[in-house]
Each structure stands twice: as C-alpha cells, then as structure tokens.
Amino acid sequence: MLGYAAGRPFAWFDDEITMDRSHVDQKHLAAALLVHVDHRIGLTLPDFDALAYWAAALVA
C-alpha cells in the first residue's frame with residue numbers, strides 16, 4: 001500500500017490493520033491515517049469524523 005500511495009497522504013480503514021504504525025511513520029513521508037474498524041460494526045460516525053478532521057488538517 002505504501003508503494004501505491006507513492007508519497008501522497010492516505011487514509012486506511014480496515015478491520016485488520018496489518019501495517020505497523022511506526023513502519024508507516026518511518027517509510028512514508030506524507031500524512032497517513034490508519035484506523036481499525038470493528039468488523040462486527042463497520043464504519044461509524046466517529047470514523048467519518050476522524051477522517052474529516054484529518055483531511056481538514058491537511059489543507060489547513
């Protein structure tokens with residue numbers, strides 16, 4: 001996934017975050033948001049709020 005992002009900011013929501021956050025911080029120079037989603041519930045409003053807050057900070 002880091003190769004696909006190619007240095008661009010990216011957000012990743014998944015029920016199985018297989019990437020280590022420290023690995024992403026070391027290998028990916030752009031902003032990255034990794035969010036674990038409970039597979040029994042799916043995406044919730046707080047997940048979308050987190051994405052909106054994160055994306056707004058990118059353009060601020």
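The values are calculated or read from the model by the stated rules, or taken from the named source; none is laboratory data. Everything numeric here is computed off the predicted structure, so don't read it as measured data. Every residue, glycine as well, gets a Cβ built from its backbone with ideal geometry; the counts of neighbours run over all protein chains shown. These area figures cover heavy atoms from the full protein model, side chains too; ligands, DNA and RNA do not enter into them. Shrake-Rupley method; radii C 1.70, N 1.55, O 1.52, S 1.80 Å.
What to note about this one:
Yes or no, residue by residue, for (1) at pLDDT below 85; (2) out of contact with any Pro (no Cβ under 6 Å at 6 or more places or on another chain); (3) loosely packed, with under 11 Cβ neighbours inside 10 Å; (4) part of a loop (DSSP other than H, G, I, E, B):
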| position | (1), (2), (3), (4) |
| --- | --- |
| Ile17 | yes, yes, no, yes |
| Ser22 | yes, yes, yes, no |
| Gln26 | no, yes, yes, no |
| Leu33 | no, yes, no, no |
| Ile41 | no, yes, yes, yes |
| Asp47 | no, yes, no, no |
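- Some residue of the range 25-36 being farther than 19 Å from Leu58 by Cα and either touching a strand residue (DSSP E or B) at 6+ places or on another chain (Cβ under 8 Å) or among the β-branched types (Val, Ile, Thr) (or both): yes
- The set of residues in the range 26-60 that are under 13 Å from the mean Cα position of the chain (by Cα) and of a type in the set (Gly, Ala, Ser) comprises Ala30, Ala31, Ala32, Ala50, Ala52, Ala55.
- Any chance Phe13 is under 23 Å from Ala60 (Cα atoms), open to solvent by less than 90 Å² (accessible area, probe 1.4 Å), of a type outside the set (Gly, Ala, Ser) and not in a loop (DSSP other than H, G, I, E, B): yes
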